[in-house]
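The values are calculated or read from the model by the stated rules, or taken from the named source; none is laboratory data. These numbers come from a predicted model, not from an experiment. All Cβ positions, glycine included, derive from the backbone under ideal geometry; neighbour counts span all protein chains shown. To get the accessible areas, we keep the full protein, side chains included, count just its heavy atoms, and leave off ligands, DNA and RNA. Shrake-Rupley method; radii C 1.70, N 1.55, O 1.52, S 1.80 Å.
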Amino acid sequence: MSQDLAAGILETANALGMDPYDLATIISYETAGTFDPRKAGPTTQWGQHRGLIQFGGPQAREYGVDWSNPVSSQLGANGAVANYFRKNGWVQGMGMVDAYSIVNAGGPNLQHRTDENHGGARGPVA
């Protein structure tokens, strides 16, 4: 992992009041362990997912992902990742289960849901 990426993860986590290891774990899982800020993932109802937390096309545009500058636009106190978490219910002090529920189901306390019907992985978020 590059120093820019590591610093960006730390800055993002600090801005959210999130454990940086939790954020790094989510990013590692969502990028298949590559930490590639352009990583392509599944195609769902939201189009081709890409990036550190696998933004669908509309979400990438909404939260300001700039694919020509994917690290800076996704990470940092006001990057797409932090803004996505804030808009989707993140509250400082939440843990990994809620953090991953926000990424994978769009809000906290949704770990019982699956995104299988939308082209995602089988099984519940938890």
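The helices (runs of 4 or more DSSP H) located wholly in segment 1-106 that include 2 or more residues which are modelled with pLDDT of 95 or more and not aliphatic (A, V, I, L, M) occupy 3-16, 20-30, 57-63, 70-74, 80-87. Taking the criterion of being of a type in the set (S, T, Y), out of contact with any helix residue (DSSP H, G or I) (no Cβ under 6 Å at 6 or more places or on another chain) and open to solvent by less than 20 Å² (accessible area, probe 1.4 Å), the only residue of segment 7-52 that qualifies is T31.
Within the option set P108, P58, being touching a strand residue (DSSP E or B) at 6+ places or on another chain (Cβ under 9 Å) and surrounded by fewer than 20 Cβ atoms within 10 Å (Cβ to Cβ) holds for one residue only, P58. Which of the residues spanning segment 61-77 are in contact (Cβ under 8 Å) with a residue 24 or more places away in the chain, surrounded by fewer than 18 Cβ atoms within 10 Å (Cβ to Cβ) and of a type in the set (S, T, N, Q)? Correct list: S72 only.
Residues of segment 79-98 that are surrounded by 14 or more Cβ atoms within 10 Å (Cβ to Cβ) and in contact (Cβ under 8 Å) with a residue 40 or more places away in the chain: G79, V81, A82, F85, R86, W90, M94, M96.
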